[in-house]
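A quick write-up on the structure given underneath.
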Amino acid sequence: MSKKEIKSVHYGLEKIFEGAQDFLPLLGTDYVEFYVGNAKQAAYFYKTAFGFQSHAYKGLETGSKDAVSYVLTQDKIKLVLTTPLNSSSSINNHIVKHGDGVKVVALWVEDAKKAYEETMSRGAKSYMEPTIETDEHGEVVRAGIYTYGETVHMFVERKNYKGPFLPGFQKWESAYNPPAVGLKYIDHMVGNVGWNQMDVWVQWYEQVMGFENFLSFDDKQIHTEYSALMSKVMSNGNGRIKFPINEPAEGKKRSQIEEYLDFYEGAGVQHIAVATDDIIKTVGQLQLNGVEFLSTPPEAYYKAVPGRLEEFSHELREDIEKLKGLGIMIDADEEGYLLQIFTKPVEDRPTLFFEIIQRMGAKGFGAGNFKALFESIEREQAKRGTL
Ligand code: FE2
């Protein structure tokens, strides 16, 4: 993408939201819940590979008869891994259809009932009516609405709660505690939706959630020789929550978004981007822990980096040889630069993956890296016979 194109799509969030009334104030991401086939083993993977810490648990031992959930944390990130304990649980249907994947993107709010009522009055589909859950640590109010596919936004009000996670969960004390890798918070979470559905969901986030579209990329900007996609980034009023929405576009071969939709059997969360302050250290450790990343961009990519930074008068503070050695990509815009890298899918279906991102002032999503990134994904697709 040229400098001019980046300029044309990039502008500050604060300008958009000047004077806008936020009917859905969000304090941040609360937790992300995955439905998985074997939560015990998934928890071991996220601890061992990604450096998450044991935090809370519910299961047979705590009186939960239908499902077991492990809560893992790293700095501000909370992951919940849930598996049904019998065939009658509806969670099974989700796993049979989608494989392991994200079911709930929970949003931390001051008033869950109000969040539910505001969004329902604007056309949301209900997942769970406002529900008060209590235990000896206090009370939590939760309410949920559906977003794309079978994915859910749960509003979580926890100002009157002092327990480890939610009522019903106990603190999870484990003898196995691998060190954290420096992941700090969720920077953005991307949804893949079907053909011609991107604008439908952009409108849904605008109307139902009060979000704004602050960046757009069309298939002329996001394409390789073989495939293409379109993407629009939605952000809430205070800019803390960012949800890019992708849809496939016509190309000579099958778009990676189409591959996702085929294997997830519908719309769903494509990737979770997690922020770090020291990407060289974080990615170095993740690689030692066995996390698989997409292949390193070619030599020509790194040769072009100094020029790209110079274009925007930014100075790279990191050692480019170290970035190259780890396969970390660099993108720049007016406000700064960013460093990012993408894992391979973290389950056997080519669906959900993670992005590790370090922002050095840039507020974009690595548009300058899209081509190199997608070529790398296409190499994986070719191996899978799905390009
Ligand atoms: Fe991303």
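The values are calculated or read from the model by the stated rules, or taken from the named source; none is laboratory data. Just so it is clear, the model here is predicted, and its values are computed rather than measured. As a convention, Cβ positions derive from the backbone with ideal geometry for all residues, glycine included, and neighbour counts pool all protein chains shown. Each accessible area value is taken on the protein alone, full model and side chains, heavy atoms only, with ligands, DNA and RNA left out. Shrake-Rupley method; radii C 1.70, N 1.55, O 1.52, S 1.80 Å.
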What's the total number of residues in region 232-256 that are under 15 Å from the mean Cα position of the chain (by Cα), in contact (Cβ under 8 Å) with a residue 40 or more places away in the chain and closer than 16 Å to MET198 by Cα? 7
Test ILE341 against the stated conditions and say whether it is among the β-branched types (Val, Ile, Thr), within 16 Å of the ligand (Cβ to nearest atom) and more than 20 Å from PHE45 (Cα to Cα). no
For region 106-146, give me each residue that is assigned to a loop (DSSP other than H, G, I, E, B) and among the charged types (D, E, K, R). GLU110, ASP111, ARG122, GLU136
I'm trying to understand the selection: among the residues of region 27-66, which are hydrophobic (A, V, I, L, M, F, W, C) and in a loop (DSSP other than H, G, I, E, B)? LEU27, VAL36, ALA49, PHE50, PHE52
Filter pass, THR296 being open to solvent by less than 40 Å² (accessible area, probe 1.4 Å), away from the ligand (no atom under 15 Å from the Cβ) and among the hydroxyl-bearing types (Ser, Thr, Tyr): no
Mind listing just one residue for me: the one in region 106-127 that is of a type in the set (D, E, K, R) and closer than 18 Å to ASP30 by Cβ and, of those, least open to solvent (accessible area, probe 1.4 Å)? GLU118
If you take the residues of region 235-255 that are out of contact with any Leu (no Cβ under 8 Å at 6 or more places or on another chain) and away from the ligand (no atom under 13 Å from the Cβ), which of them is farthest from GLU378 (Cα to Cα)? GLU250
Please work out which residue is nearest to THR224 (Cα to Cα), limiting yourself to region 256-281 and to residues that are within 16 Å of the ligand (Cβ to nearest atom) and hydroxyl-bearing (Ser, Thr, Tyr). TYR260
Just to be sure I understand the filter: pairs with C-beta atoms under 8 Å, separated by 6 or more residues or on different chains, first member in region 265-291 and under 24 Å from LYS242 (Cβ atoms) and open to solvent by 10 Å² or more (accessible area, probe 1.4 Å), second member within 16 Å of the ligand (Cβ to nearest atom) and of a type in the set (D, E, K, R). Which pairs pass? HIS271/GLU355; ASP277/LYS184
If you check ILE280 against the conditions, is it hydrophobic (A, V, I, L, M, F, W, C) and under 29 Å from LEU26 (Cβ atoms)? no
What pairs come out if I take residues in region 298-322 that are aromatic (Phe, Trp, Tyr) and pair them with residues that are open to solvent by 40 Å² or more (accessible area, probe 1.4 Å) and not in a loop (DSSP other than H, G, I, E, B) whose C-beta lies under 8 Å away, six or more apart or interchain? TYR302/ILE320; TYR302/LYS324; PHE312/LYS3
Can you tell me which of LEU309, LEU338, LEU323, LEU373 is within 16 Å of HIS188 (Cβ to Cβ), assigned by TED's automatic domain parsing to the domain that holds ILE241 and not in a strand (DSSP E or B)? LEU373
Of the residues that make up region 32-39, is at least one surrounded by fewer than 18 Cβ atoms within 10 Å (Cβ to Cβ) and more than 19 Å from PHE165 (Cα to Cα)? yes
I'd like the full set of residues that are open to solvent by less than 50 Å² (accessible area, probe 1.4 Å), part of a helix (DSSP H, G or I) and touching a residue at least 60 places away in the same chain (Cβ under 8 Å), limited to region 67-105. ILE95, HIS98
For the structure I just gave you, tell me whether GLY149 is of a type in the set (Gly, Ala, Ser) and surrounded by 15 or more Cβ atoms within 10 Å (Cβ to Cβ). yes
